[in-house]
Structures are given as structure tokens and as C-alpha cells.
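Here the structure comes first, spelled out in C-alpha cells, and everything after it is commentary.
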Amino acid sequence: MSVATKILVAVCVCALLLTSGRAQAEKTVRVVASFSILGDMVKTIGGERVTVTTLVGADGDVHAYEPTPAAAKTVSEADLVVVNGLGLEGWVDRLIKASGYKRVVVVASTGVKPRKMKEDHLGGRMVADPHAWQDIDNGRLYVDTITRALISVNPAGAGTYSANSDTYTAKLIELNTWVKSEFSAIPDLKRRMITTHDAFGYLSDAYGIDILSPMGLSTESESSAGEVKKLIQQIRKEKITAVFVENITDPRMIEQIAKESGVTVGGELYSDALSKADGPAPTYIDMFKSNVSKIVAAMKKRE
């Protein structure tokens, strides 16, 4: 082999290595998120380096979701699957098994100290409350966990993921300061609210709010007529002014409770799902801003 040929071969090998390196560095990570809040977090951290498919989308009920063959195919093609855990997605193990997926599954709630709650309002067993994202400090843990997962499947994107994560975390810290300030301006006796199902327990613990709901842990729970009557009596007696429907539940029960107790429904809260892009809560941060603004305004009403 002549010197010129050797040089040419060396140049071609270097070019191939550089091309391969660029391809790896520019790899788009295919991520499947179980529901919209996690999907938003992954998009915010991953930026243009990720393609995110959300199984339960905007205004969707993750409790009632039924996986489809198309969902199994989507999961099978993913580089990373992100789930909430804590029992939220009762269908996810079945879906992953059906898909044949063997790669990385990350539980976003890893590191969260779960609060306990009754499975339903009829004296059910104690279980972990899965709605941990309703405390922004837990939301920050989700961000850390998702960031580490993205770096593990795509080390070449570590710089991007870390920078986006740092920016996101700073915004969440600022948001948390605002939320605490908003609620601290409400007298303790007025810091009470009614929601459709029991999805705001972490919000209650983190920000000092007493929250009641006619339904239990899941939107598929049912309330007895006696429980609803008792709740109406409590609203009247304690003069609770913050009564809300949720974007994922049938509003008729809350509307009935509000009518019979003589209060006005304070609007729609976003609990287990974000709004569509043109709604008031298309992101996790927007969700908190929308919910807290409505709750505080309702609590400030005079009886």
C-alpha cells in the first residue's frame, strides 16, 4: 500500500469516526411517558434531544386508562419509559409485558416520601397516595430522577439535560416561593376546599390546606348518598367557599353538592392531567399557577 493510499484510508476512517460520533451526539431519544405531567417534564428537560409520546394525554384520566395494541407497539420502540409509580398506573406492568419492552423503565417518584391514605371512603386499606407531584418539592425530585435517566440512556446529551434541568429547578423553586406566599395570606380557618377525588393530599400537607372530597383515591371510586349528605352539611356548617371540579372527572356530583350547600363552584382544577395547549394549564408550572390562583380566589370569598 502506497503512502498516499495509507493517508487516504486514514482520512476516510477519521471521517467515519467523526460522522459516527456526531450521529451518537445528535441521537434523538424516544421516550414514552405514562401521562401528561410526566410528558411535560421530559420535554422540558430533554428539549430537542427527545421525542416524547404520552400515553394518557391532556385532560385524560390515568386511573381509568386502558392500554391498546398501538400503545404496546409504541412502548416496544422506546429508548426510555417514564412512569409515576406509587400505584398510579395500575395497568403499566401489563402493558410493558405485552409490549416485550426490555430497556429502561424509570419511576419518576423515586425518592419521594409517600403519604398514606385510605383506598376509598368506605374503610379501605391504607395505601400510598400516588399524586406526589402536587407538592413542588416532590416535583423537583421527579426532575432529578428523569434527568439522571436521560443521561443514562444518552450520555452524549448530558450537558443539555443537566443545563435544562438546572433552569427548570430554579423555576420550580421560584414557583414554590410564590405558592407559599399566596396561601400564607389566607387565614387558617379559610384554608379549606372541596375537590372531586382525593388527588390533592400532597398539596394539603405541603401548604397547610384542609381538603375534602366525595370520592377517594381513584376517580373510579364511588361515594354513598350518606357521605355526600355529610359533606354538604360540613360545607354549610364550616362555611367553606372553595369548591372545585376537576378536568378529568364528571362535574355533576360537585355541582350537586355546591347547589345543595349554597356555594358557587370555583372553577376547574387540574389534578392528574394537564390541559390542552390552548388551555390554562398546558405545563406543570402553568398547572400550579392556574390551580393556586383559583383556590386562593375562592378562599378569599366572603360567606
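For residue 233 and residue 66, what does the FRET efficiency come to when R0 = 51 Å and r is the distance between their Cβ atoms, rounded to the nearest 0.05? The partial results should precede the final answer.
Numbers: r = 37 Å, r/R0 = 0.73.
Taking R0 as 51 Å, the efficiency between residue 233 and residue 66 is 0.85.
Give me the one-decimal nm value for the distance between modelled label points at residue 174 and residue 260, 7 Å along each residue's Cα-to-Cβ direction.
Distance between label points: 4.6 nm.
Once R0 is set to 35 Å, what does the formula 1/(1 + (r/R0)^6) return for the Cβ-Cβ distance between residue 113 and residue 276, expressed as a FRET efficiency to the nearest 0.05?
0.60
Please compute the net charge surrounding residue 132, taking Lys and Arg as +1 and Asp and Glu as -1 over other residues with Cβ under 10 Å from its Cβ.
-1
In Å, the Kirkwood hydrodynamic radius of the stretch 97-213 over pairs of distinct alpha carbons? Display every interim value, and only then the final one.
On the way: mean 1/r = 0.0602 Å⁻¹.
After inverting the pairwise mean of 1/r, the radius is 16.6 Å.
Quickly work out the residue 297-to-residue 181 label distance, labels modelled 7 Å from Cα along the C-beta direction, and quote it in nm with one decimal.
Each label point is offset 7 Å from its Cα along the Cβ direction, giving 1.9 nm.
Mind checking the full-extension length gain between residue 137 and residue 152? Use 0.36 nm per residue of separation minus the Cα-Cα distance, one decimal, nm. List each step's numbers first, then the result.
Numbers: separation 15, 0.36 × 15 = 5.40 nm, distance 2.32 nm.
Separation in residues times 0.36 nm, less the Cα-Cα distance, equals 3.1 nm.
Evaluate the stretch 59-110: find the radius of gyration of its Cα atoms, find its Kirkwood radius, and give the ratio Rg to Rh.
Taking Rg over the Kirkwood Rh, I get 0.94.
Regarding the stretch 44-170, what are the three Cα extents along the principal axes, ordered largest first, in Å?
For the stretch 44-170, the Cα spread along each principal axis is 51, 37, 26 Å.
Pairs 180/300; 180/289; 73/102; 43/294: which are spaced more than 19 Å apart, C-alpha to C-alpha?
The answer is 43/294.
Between residue 98 and residue 51, how high is the FRET efficiency from 1/(1 + (r/R0)^6) when r is the Cβ-Cβ distance and R₀ = 30 Å? Nearest 0.05. List each step's numbers first, then the result.
On the way: r = 22 Å, r/R0 = 0.73.
The pair residue 98/residue 51 has a calculated efficiency of 0.85.
Read-outs throughout are calculated quantities, based only on the coordinates presented, and are distinct from any laboratory measurement. Fair warning: this is a prediction, and the values are worked out from it, not measured in the lab. Backbone-built Cβ (ideal geometry, glycine too); neighbour counts: all protein chains shown.
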